[in-house]
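What follows draws every value from the coordinates through simple rules; no lab data is involved. Computed from a prediction, not measured in an experiment: that's the story for all the values here. A quick note on method: Cβ atoms are made from the backbone with ideal geometry, for glycine too, and the neighbour counts reach across all protein chains shown.
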Amino acid sequence: MVFYSPGRTSSYPEQPPTKGYRYHYLGGGNEVGNVGVVLEDHKQTRLLLDYGLAPTTPPRYPSEAPVVRDAVITHSHVDHLGMAPWLCANHRTRLHGTALTAEISELMWYDCHKVSSIEKYPLAWDKRDIDTALESWNIHRYKEEWMHNDWKLELHRAGHIPGAAMLNIETPERKILFSGDFDTRDSPLTKGAEPIKTDTLFLEGTYGGREHPPLQEEELRFINHVQRVVDRGGKILIPAFANGRTQDIVMRLHKHLPHLDVHVDGMGKKIAKMQMNHPEMIRDIHAFKNAWSWCRRVSGKSDRKKALDADVIVSTSGMMQGGPAIWYLNRLRHDTSNAVLFTGYQAEKTGGRKLQTEGKVNIFGNETEIPLEWESYSFSTHAGHKEIVDFAAACDAEEVVIYHTDPNTARPPLVETLEKNGHVVHTPVNGISEYLGEEYSRSN
Ligand SMILES: [Zn+2]
Ligand SMILES: [Zn+2]
């Protein structure tokens, strides 16, 4: 087990950079999630971009951050902000992000803390540090400039989930754009990201080498499947992530199948309320509000029993690692006319993956056969291969740093296409410092 122990595990060099711009991945350079990047110039301007963890079993943590006064948090997924409380408590770091990211962060941190205590995984921060972190937020609107020494910073809409931001940096010598998790395609909840001209583009490569199916076709396939199960008298369980996916799915169901009885359970309910507090972050706030008042929100035990009579139940957790989804699955598994429809990636060793590969799920400690039909639908809000490559071209990026990616499967095809298109490509490795700018990367 990787034990995150402050003071022992820093990979950050003690010497400041002597030239240009240096970046250093504490995590997330050659893996998906677990992001933390330090960007620093020779004039000692230093910034941390994201500080998350990877909620795998066991979790992975980035190496210890050096002292940083300021960190920009791109969005409210735990793989980008899960370690921020440690940062604020230990270094008094100020966090910068959008208002919605800040509002949702509290919920994500409490959930992260709860999961670590239930599953008995070490966490380098405790509940009190959440309060410190919440007091550390500095809120910025999209396209609002602020100065960080002589760096001009701006957040821009990143697609992905409401409130998600890309960070645009203009230094006296260089333009740098940091994508965070992004998608240029619209989702029901958010509009897609738009390119910005830049010299260096830090680009997430989760879906390198993979193309998404056309969204409308995938939506139709999903809608038809739901209707087919309902027509045969079955019920559908849709495990969905709380932050973004739950709301997207409810909006799709409302748009295409308004005659169905859809119940929603889990943390996605609280997040939807927070999203509604920030209508400027939502693509179509009226459509969202209509969809949300149409579905039945489950609160309490009696509601949960009533939900068993619904046509569709949308519930956390998205990978069937606990959450109400397990409770529903345990009731629905007895009737083989029911079905489970996955709407996101199921990581290794999760309940969802076990159902897909072995037809079993661990339910309240017991290995349980699940003889139900299941299917996966691709409603990812990460850019696919084509969107990633097109974005780099539209940004006119001289060099591209591919991170948040599997270095063996997803990254090589991206590197190939990007190099063919004339970009200088960096392939960062956690714990190793690199320099920006062609003159530096060539000499290294
Ligand atoms: Zn991520
Ligand atoms: Zn994300």
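Listed values, structure above:
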item	result
Shape parameters for the chain, alpha-carbon atoms, Rg then Dmax in Å	21.7, 69
Simple label model, 7 Å out from Cα along Cβ direction - T56 to Q15, nm	3.2
Potential extension, H256-Q216 segment - 0.36 nm per residue separation minus Cα distance	13.2 nm
Length added when fully stretched, E416-V67, from 0.36 nm per residue minus Cα-Cα	122.0 nm
Estimated inter-spin distance, D309 and E173, nm [label 7 Å along Cα→Cβ]	7.0
Cα long-axis angle, helix 215-231 against the chain (0 to 90 degrees, to the nearest 10)	20
Rg ratio (alpha-carbon, reference 2.2 N^0.38 Å) - region 215-376	0.98
Mean Cα-pair separation over length for the chain, i.e. relative contact order, pairs under 8 Å, 6 or more apart, %	19
Lysine pair number, Cα distance threshold 25 Å (strictly under), region 126-244, separation 8 or more or different chains	9
Kirkwood-based Rg to Rh ratio, region 183-262, C-alpha trace	1.07
Distance between region 160-198 and region 240-295 - C-alpha centres, whole angstrom	24
Amide H within-cut-off set for I363, under 5 Å, with H built and near neighbours excluded	T368
Label-to-label distance, nm, for residues given as S376 and D390 (7 Å Cα→Cβ offset)	2.4
Of E14, E419, E103, the one that fluctuates the most in a GNM where the chain has Cα springs shorter than 10 Å	E14
